[in-house]
Amino acid sequence: MTSVPMTQSSAADRDAHDGPYLQVEDLKVTFPTQDGPVTAVQGLTYSVEKGKTLGIVGESGSGKSVSSMAVMGLHDAKSAQISGSIRVGGTEVVGLSESKMRDLRGNSMAMIFQDALAALHPFYKIGGQLEEAYLVHHSSASKRDARRKAIEMLDRVGIPQPDRRVDDFPHQFSGGMRQRAMIAMGLINDPSLLIADEPTTALDVTVQAQILDLLQDLQREFNSAVIIITHDLGVIAEMADDVLVMYAGRCVEYGTTKQILTAPEMPYTWGLLSSIPDVSASTDARLIPIPGNPPSLLRPPSGCSFHPRCVHSDKVPGDLCSTQLPELLPASSGTAHLKRCHLADPVGVYQSEVLPEIAPELVDELSEETR
Amino acid sequence: MFAYVVKRLISGVLVVTLVSIAIFLLFWYGPSSPAQPICDRETSNRCSAAKLEIYERTLGYDNPVYEEYGKYVKGIFVGRTLTIASNEYDCSAPCLGLSFRTKQPVKEELVSRIPATFSIAIGGAFLYLLFGVPIGVAAARRRGTVADKALVSSFLFISSIPYYLFALLTWLYLTITFEVPFFSDTGYFPITQDGPFKWFSGLFLAWVALGIFGCTQYTRFTRGAMVEALSEDYIRTAKAKGLPTRTIVYRHGLRAALVPVVTIFGIDFGTLLAGTIFTERIFEVQGIGWWSLEAVQGRDLPVVQATALFSAVVLIISNLLVDVVYSVLDPRVRLS
Amino acid sequence: MTQDPNARSEIEPTEVGANAAETGERRLTEEHSPETPDTYGSHEIGIEDLDFATLAEQGHTATELDPDAPAVLTVDNLKMYFPVKSSGVVRRTIGHVQAVDGISFEVPKGGSLGLVGESGCGKSTTGRLITRLYKPTGGSMMFDGQDLAKLSSREMKPLRRDVQMIFQDPYTSLNPRHTVGSIVGAPLEVHDIVPKNQVLKRVQELLEVVGLNPEHYNRYPNEFSGGQRQRIGIARALTLNPKVLVADEPVSALDVSIQAQVVNLLQDIQAEFDVAFLFIAHDLAIVRHFCPEVAVMYLGKIVEIGDRETIYGKPHHPYTQALLSAVPDVKQAAVGGRRERIRLEGDVPSPINPPSGCRFRTRCQFAQEICAKVEPPLLQIGKRHKVACHFAGELGSHPATPITTELLGVDDQGSPVPGATPTNTQHTIPGYEKTWYDLRTKQTTGV
């Protein structure tokens, strides 16, 4: 299970000394269950620099949340076996003691969750929960400092009358305001790494737009590294610099947002793109689903995990797809673009077969470009 | 909140009234004359039809039922004079009638028995909360381990024994078999008369029985509520903030887990305060529970009525308190 | 063997972990229960050895509009007010949640109308009114010559066959203790349509229609994945050959790759059985694909309704424009960064005490005095296009003065002009008129 270290090329030339703030290498997360070990993530390698955003895409069970929780050290050591390397700001996190880990959590790295109503404690005031997050990493600060900081953060994330709303309980906030408060709590200690796990999935589109605006403003202001986990490719397109596509616990495609969303080379990514309609696309575009269901992690398919659902495996000679796991190799569009697929000519297949069905209007553009 | 409490009190008064009417009617229309027990007692079981008639007449059982019920209610508020056979008894407000057996006002005996029952209830509940909740929390934190499984199954075994059997076995083993020093002389000894040590030693075994049995139940309640609370999203958030484990478990987990436990406890405790028949009988504590048992056996109508009313009032108040406490614990609950 | 999330939550997660924040594992067991996915595939028919061309062939393009289809369901001035009680000893009704406040629309036979809007706009309430899960406060819903709004529950029973519902959550809407066969077949027995010995045959037919293996009628819902359960829900809704299906967020609980499977299935069904859909969703892209006609709701009212090309291409209401511009666009990847969008500030106001005049005015950048004074009528401004806005116009070319003054007999500030004769515009018909008010010429025109 070799995976190419994909970080060097992009990171090294920009910042020779420091390197990316978050570096994950060959991460593997296994949970023992009654039916045997379940490997939720394996061979995962990626990195995020400060000021950059990585989008992680995948379906439920693809390992996108599990891998980020491993970065935060949120898995219980007794029930999750984690191997590989996770370096946050140069510190190796895998195998770090719980107390050292606690110093990092909520301080150098923070996480915001999907359902803010469930993720905030229903019995404590918003202000109290923010103060707690501040005080735990500022032992010398007074209660009053913490309260001032909490109000300041609520104001920063755009909550009206923060000095009054600080004493509200989570249920008294609207959905959008709760997510803002969640973000305020995540950023209260000025973390260098922010992981947002489906931050807008439960919200209405206009509120989603507000929250995404806010996240982007804050990232610019705090210059933090951001990981955004989502299944919404539209959110990825507008927020992320790089994209990591995960399937059955592995990275199947990785590259810049433009590479992944305009010139994908892995049939699963094609499937994701073809199975969502678009508000502005041609109405002649076909909606083409990915057949079948996500695989079992307990008994993952042999070879390429995606092969039972792949409609392009007939273009690969023999039974390569079902017998041999493809390696994560550079794609044709650039060295920073990696894909895990046996297809010999993915670009050709995408342009001649897939694109005419899912985005007929783009085919003409493409042919003009190539001319 | 205030309006809610007023509303609940009004409905509480209604319930108490209905309970009192129901008990009144049950005895009134029961298989034998309500005067029969007292007539039997006064005449040493030679109650003739003529004598029974005298008792019925003086006790007012020849009047219409609503009229007598009216007198009974009026007595509670302003007091009344009761006639049994040829003797007149003064019964000051709040008059709950005279005991057929002792001819004493029921109210006075009720008041004298409250300290015993309340002593048992408070001591027992204190013990089972003191041990049950922390053990439950500890089990929840170690759930799935051998220790947790052993604890849960042994506690489940204990709580599936009927309580009266459990209390009886506790008493038998501790006083007869092992003759535990100091504590074998069970019973209620008022602090004011016999001093704190006697009071404590007399009730100790009753507390132990109640405490162990309640502890097994509260461990399971707490464990269940805690397991649920610890799997909530906000616990993950607390961990992601970098809080120490102790803060996560107690400040975030236990706080939420306490809400269902407090709810169950409020109702349980109300039941205890209304009288613990088995505990009082087995450990010979002269409390309300035992008293009501004797009253039922002796068909002492006014005492049965009084104890039933008392438990109705205690339960209504404790339910109301639970609701108020609930709204304090959980800010999402608005009483209206 | 429990995949039902409800059943699962009853089981303490003792097997996997021993501490508080092991949410990773919890997630894992919830989202990806290890026992079954292996068997999921085998429920479905016809997914073995698919090649791309065949798969693409089965995929559908956006549904097209049939402008001549007669209306199967005509909703006129429909209202649903939920009472709000006061606190205190005596609970009086102190107000109403105006969940749906006078909406009118038509659902064409065999066609689909999309209902979009944000949470709390009343779109789900509308769906429940049409299936008569609620009894409306006012208005009418004409179906097959009868007014569904006026019928009693008993009179409604025979009509329930014709108006069925597909629910959002495939996990909670199927009874975990009943087999798939009895879930799908139950309506047949309730309505006593098919002889007992024919029920199984019909159930198997239906399972085949929704792409499930008909031999699996004896299985329980927990053996199926989310997408497969939604297929079961669809089969159940189809059992009685309904003429109208109300689909309330039918795909929003499903994984992205599965959503397209279900949307395609619904399109297949519509084409095969000529069912009309009222398609309620917050996902504007899915609605665009499925519905040739769309109504946009805000705070209990329809603010704009029209055909797909108009609503998505040339929306005239500031709210529709804001809604569309808020949708993140995959195509942005080619450009990079975020696209320019209309920012809506704040939250939707309370439906108990909605703003006077135009309900959107509190968040609208074009709002003027008239908007607070006079409610804009839902005015037909195109062949198949109605909009309720005093300043209706295409993005970037909203008029400076209200377009509605002459019709309403008011001046630019919304005060009545003495002696003016307002046209009765407060109530519009559910469908479209032959003539409409042209915004450019300010005249009534027609084809």
Selection over the stretch A:274-296 where residues are within 7 Å of chain C (Cβ to nearest Cβ) and not in a loop (DSSP other than H, G, I, E, B) yields a count of 1
Practice problem: Confirm whether A:Pro330 is closer than 27 Å to A:Ser68 by Cα, surrounded by fewer than 21 Cβ atoms within 10 Å (Cβ to Cβ) and either touching a Pro at 6+ places or on another chain (Cβ under 6 Å) or at the interface with another protein chain (Cβ under 7 Å from one of its Cβ atoms) (or both). | Solution: no
Listed by range, helices (runs of 4 or more DSSP H) wholly within the stretch A:60-132 having at least 1 residues that are touching a helix residue (DSSP H, G or I) at 6+ places or on another chain (Cβ under 7 Å) are A:64-72, A:116-119
Could we say that A:Ala181 is farther than 30 Å from A:Gly303 by Cβ, part of a strand (DSSP E or B) and away from chain C (no Cβ under 12 Å) here? no
Over the stretch C:153-172, the set of residues among the polar types (S, T, N, Q) and modelled with pLDDT of 90 or more is C:Gln164
How many residues of the stretch C:143-165 are acidic (Asp, Glu) and within 20 Å of C:Asp274 (Cβ to Cβ)? The answer is 2
Is there a residue being surrounded by fewer than 19 Cβ atoms within 10 Å (Cβ to Cβ), away from chain A (no Cβ under 14 Å) and farther than 28 Å from B:Pro162 by Cβ anywhere in the stretch B:322-333? yes
**Asked** Does C:Pro377 meet the test of being crowded, with 17+ Cβ neighbours inside 10 Å, in a loop (DSSP other than H, G, I, E, B) and in contact with a strand residue (DSSP E or B) (Cβ under 6 Å, 6 or more places away or on another chain)?
**Response** no
inquiry  = Residue under question is C:Tyr319, and the condition is that it be closer than 18 Å to A:Pro277 by Cβ, crowded, with 18+ Cβ neighbours inside 10 Å, within 21 Å of the chain's Cα centre (by Cα) and within 11 Å of another protein chain (Cβ to nearest Cβ); does it hold?
reply    = no
Being outside the structural domain of C:Leu323 (by TED's automatic domain parsing) and in contact with a Ser or Thr (Cβ under 9 Å, 6 or more places away or on another chain) narrows C:Val184, C:Val180, C:Val210, C:Val194 down to just C:Val184
Residue hits (the stretch A:159-216; more than 30 Å from A:Thr91 (Cα to Cα) and among the basic types (Lys, Arg)) are A:Arg164, A:Arg165, A:Arg178
Going through the stretch C:322-349 in order, the residues found to be among the acidic types (Asp, Glu) and facing chain A (nearest Cβ under 7 Å) are C:Asp329, C:Asp347
The condition of being farther than 20 Å from C:Lys331 by Cα and within 9 Å of another protein chain (Cβ to nearest Cβ) holds, among A:Val243, A:Val235, A:Val207, A:Val226, only for A:Val207
Checked the stretch A:89-114 for anything more than 9 Å from chain B (Cβ to nearest Cβ) and not hydrophobic (A, V, I, L, M, F, W, C); matches are A:Gly89, A:Gly90, A:Thr91, A:Glu92, A:Gly95, A:Ser97, A:Lys100, A:Ser108
Filtering the stretch C:239-287 down to residues that are without any contact (Cβ under 8 Å) to a residue 60 or more places away in the chain, of a type in the set (Phe, Trp, Tyr) and within 16 Å of C:Gly127 (Cβ to Cβ) yields none
Residue set C:Ile352, C:Ile305, C:Ile311, C:Ile370; condition more than 13 Å from chain A (Cβ to nearest Cβ), surrounded by 22 or more Cβ atoms within 10 Å (Cβ to Cβ) and under 22 Å from C:Lys123 (Cβ atoms); output residue C:Ile305
Checking C:Ser86, C:Ser140, C:Ser104, C:Ser124 in turn, the sole residue that is surrounded by 14 or more Cβ atoms within 10 Å (Cβ to Cβ) and either closer than 30 Å to A:Leu272 by Cα or within 14 Å of chain B (Cβ to nearest Cβ) (or both) turns out to be C:Ser124
Practice problem: Kindly check whether there is at least one residue in the stretch C:393-407 that is hydroxyl-bearing (Ser, Thr, Tyr) and closer than 30 Å to A:Val157 by Cβ. | Solution: no
Scanning for something closer than 24 Å to B:Val333 by Cβ, within 14 Å of another protein chain (Cβ to nearest Cβ) and touching a strand residue (DSSP E or B) at 6+ places or on another chain (Cβ under 9 Å), does the stretch B:255-270 turn up at least one residue?
no
Conditions (1) within 12 Å of the chain's Cα centre (by Cα); (2) surrounded by 22 or more Cβ atoms within 10 Å (Cβ to Cβ) -> B:Val303 fails only (1)
Taking the stretch B:9-41 and keeping residues surrounded by 17 or more Cβ atoms within 10 Å (Cβ to Cβ) and among the charged types (D, E, K, R) leaves B:Asp40
For this session: With respect to B:Gly60, determine if the residue is at positive phi and either touching a residue at least 12 places away in the same chain (Cβ under 8 Å) or in contact with a strand residue (DSSP E or B) (Cβ under 9 Å, 6 or more places away or on another chain) (or both).
Result: yes
All-but-one check, B:Lys239 against (1) within 14 Å of another protein chain (Cβ to nearest Cβ); (2) touching a residue at least 60 places away in the same chain (Cβ under 8 Å), failing number (2)
C:Ala186 vs (1) more than 14 Å from chain A (Cβ to nearest Cβ); (2) crowded, with 18+ Cβ neighbours inside 10 Å; (3) hydrophobic (A, V, I, L, M, F, W, C): all pass except (2)
* Asked: Would you call A:Ser83 of a type in the set (Gly, Ala, Ser) and more than 10 Å from chain C (Cβ to nearest Cβ)?
  -> yes
Considering the stretch B:135-156, residues that are free of Cβ contacts under 8 Å to residues at least 60 places away in the same chain and not in a helix (DSSP H, G or I), and then whichever is surrounded by the most Cβ atoms within 10 Å (Cβ to Cβ), we arrive at B:Gly144
Here the residues within the stretch A:212-226 that are of a type outside the set (S, T, N, Q) and more than 22 Å from C:Ile342 (Cβ to Cβ) are A:Glu221, A:Phe222, A:Ala225, A:Val226
Quick check on B:Tyr250: is it part of a helix (DSSP H, G or I), within 14 Å of another protein chain (Cβ to nearest Cβ) and surrounded by fewer than 23 Cβ atoms within 10 Å (Cβ to Cβ)? yes
Exactly one of A:His171, A:His137 is within 9 Å of chain B (Cβ to nearest Cβ), over 22 Å from the mean Cα position of the chain (by Cα) and over 22 Å from B:Ala229 (Cα atoms), and that residue is A:His137
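The values are calculated or read from the model by the stated rules, or taken from the named source; none is laboratory data. Just so it is clear, the structure is predicted and the values come from calculations on it, not from any experiment. A quick note on method: Cβ atoms are made from the backbone with ideal geometry, for glycine too, and the neighbour counts reach across all protein chains shown.
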